[in-house]
Amino acid sequence: MSQTTSGGLPGVTAKSRNRILKSVLKGVSRSFYLTLRVLPKNLREPIGLAYLLARAADTIADRKHSGLRGSRLEGLLILRAQVAGSADLAILQELVAKSVDTLSSPKDRALFSSLVELFSMLESMNPSDQGQVRWVVGTLTEGMEMDLDVFPGQDARHLTAFATAADLDRYAYLVAGCVGKFWTNVTTAHEPSLSHWDTAEMSSKGVRFGKGLQLTNVLRDIPGDLRMGRCYLPADELAASGLTPEDLLDQSNEELARQVLVPWVQTALGHLEAAEEYLLAIPRSSVRLRLACLWPLLLGLATLARLASSNNWLDRDAEIKVSRRWVYRMMLKSLFFVRSDRLLRRWIGRLRRQVESAT
């Protein structure tokens with residue numbers, strides 16, 4: 001007999017859960033999939049489910065997604081409402097039907113084809129994990145809504161910028177910083193090794209961890225975002241350097257732009273210093289949890305170092321990122337370093353100094 005959740009959705013078999021948290025998740029995020037697989041097993045479902053629901057919301061809200069802004073916002077708000085309370089099967093099925101028809105990627109279609117099962121997994125969770133997933137996905141969708149509200153255009157002809165630093169900071173919290181709080185709450189609830197943590201203090205550091213990674217992404221993606229109508233750098237800071245958002249489309253303004261860019265690199269670096277404290281607060285015996293935090297921290301620092309030393313920050317053709325080879329070597333090296341605070345501090349410190357010397 002088929003079981004149903006408390007919300008009336010069809011139940012999810014163990015086989016389906018395994019497929020979703022492996023093949024579906026791997027299809028839409030190869031890098032996060034590696035992080036999820038290294039986590040302790042009891043953390044994979046709440047964290048993996050939160051990621052997949054947020055990924056579905058982001059796909060609906062995506063600037064490149066076909067359709068007008070209004071329809072994207074409408075779909076995003078429908079999904080948020082379903083996350084916030086008991087889901088309605090008919091509404092979910094309609095959302096799936098409308099979304100699948102507009103998706104070109106087979107991997108995204110596989111995600112939306114599993115949407116009802118994702119909500120079934122959510123409603124079958126224990127109340128604590130369920131509450132955390134609902135909260136973080138709801139908060140993440142607020143960031144997506146902010147993106148749609150501030151940046152209604154989809155190309156450089158309709159270029160818009162955040163007004164102030166406070167706007168960028170709030171955005172960084174909504175789309176990434178909140179994940180640090182969620183991560184802290186979920187891991188402390190499941191991992192006895194973290195029972196000594198001051199959850200409020202560590203949540204604050206986790207928020208800064210997320211903000212640091214998001215600011216790094218923002219700085220890395222500036223040329224592409226500008227051509228999609230989005231300037232995340234604050235307009236008032238640009239104006240103080242004699243620039244408009246449109247001026248950033250001209251690579252010859254690189255030197256002036258660095259007056260705005262470099263302080264944001266330093267802000268991101270400060271947040272990632274808090275991330276280092278967060279990482280080293282994890283007991284050395286919790287190897288899997290350490291690795292899951294170490295990898296994004298090292299990747300963020302290495303990316304910042306490349307950005308800070310680049311002379312082609314505004315060049316749309318100059319892709320600034322670490323190589324896949326670097327990532328694989330980093331992951332291998334981390335297996336030998338992860339239990340040693342001294343070696344981790346030395347490794348992280350070297351990357352941090354590379355950023356500092358370039359700014």
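When the chymotrypsin sites (Phe, Trp or Tyr not before Pro) in the stretch 103-183 are filtered for DSSP coil states and for at most 14 other beta-carbon atoms within 10 Å of their beta-carbon, no site remains. Positive contributions from Lys and Arg (+1) and negative ones from Asp and Glu (-1), summed over other residues with Cβ under 14 Å from the Cβ of GLY300, come out at +3.
Counting charges near GLU273 (Lys, Arg +1; Asp, Glu -1) among other residues having Cβ under 13 Å from its Cβ returns a value of +3. For ARG230, the residues 5 or more places off, or on other chains, whose built amide H falls under 5 Å of its own are THR160. Solvent exposure of the stretch 1-150, expressed per residue, is 45 Å² of accessible area, with all protein chains present and a 1.4 angstrom probe.
Could you work out the pair-distance distribution P(r) of the stretch 151-268 from its alpha-carbon pairs, with 10 angstrom bin width and percents rounded to whole numbers? Going out from 0 Å in 10 Å bins, the stretch 151-268 shows 14, 38, 25, 14, 8, 1 percent.
With the whole protein complex present, ASP88 retains an accessible surface near 70 Å², based on a 1.4 Å probe.
Under the rule a/c < 1.5 gives rounded, and otherwise a/b versus b/c splits prolate from oblate, where does the stretch 75-159 land using the Cα gyration tensor? Oblate, because a/c is 1.5 or more while a/b does not exceed b/c. With 20 Å bins beginning at zero, the pair-distance distribution over Cα atoms of the chain amounts to 28, 58, 13, 0 %. The portion of the accessible surface of the stretch 198-319 made up by carbon and sulfur, rounded to a whole percent, is 45 (1.4 Å probe; DNA, RNA and ligands excluded).
Looking at the stretch 190-243, none of the chymotrypsin sites (Phe, Trp or Tyr not before Pro) sits in a DSSP loop with at most 12 other Cβ atoms within 10 Å of its own Cβ. Cβ under 15 Å from THR164's Cβ, THR164 left aside: what net charge do those residues give with Lys, Arg +1 and Asp, Glu -1? Local charge sum for THR164: -3.
Using only side-chain charges placed at the Cβ, +1 for Lys and Arg and -1 for Asp and Glu, the dipole size of the chain relative to its Cα centre rounds to 2040 debye. Put simply, when 8-19, 285-296 are sorted by average Cβ atoms within 10 angstrom per residue, most first, you get 285-296, 8-19. For VAL327, the accessible surface of its heavy atoms amounts to roughly 40 Å² (probe 1.4 Å, protein chains only, rounded to the nearest 10). Result for the chain in a Gaussian network model with C-alpha springs under 10 Å: among ARG325, ARG134, ARG208, the largest mean-square fluctuation is at ARG325. Listed by chain and number, the aspartates and glutamates whose alpha-carbon sits under 15 Å from that of LYS321, ignoring those within fewer than 8 places in the same chain, are ASP221. Averaged over its residues, the stretch 204-348 has an accessible area of 44 Å² per residue, based on protein heavy atoms and a 1.4 Å probe.
The values are calculated or read from the model by the stated rules, or taken from the named source; none is laboratory data. Since this is a predicted model, take the numbers as computed values, not measurements. Neighbour counts are summed over all protein chains in view; Cβ atoms, including those assigned to glycine, are modelled from backbone coordinates with ideal geometry. Please note that ligands, DNA and RNA were not included when accessible areas were found on the heavy atoms of the full protein model with its side chains. Shrake-Rupley method; radii C 1.70, N 1.55, O 1.52, S 1.80 Å.
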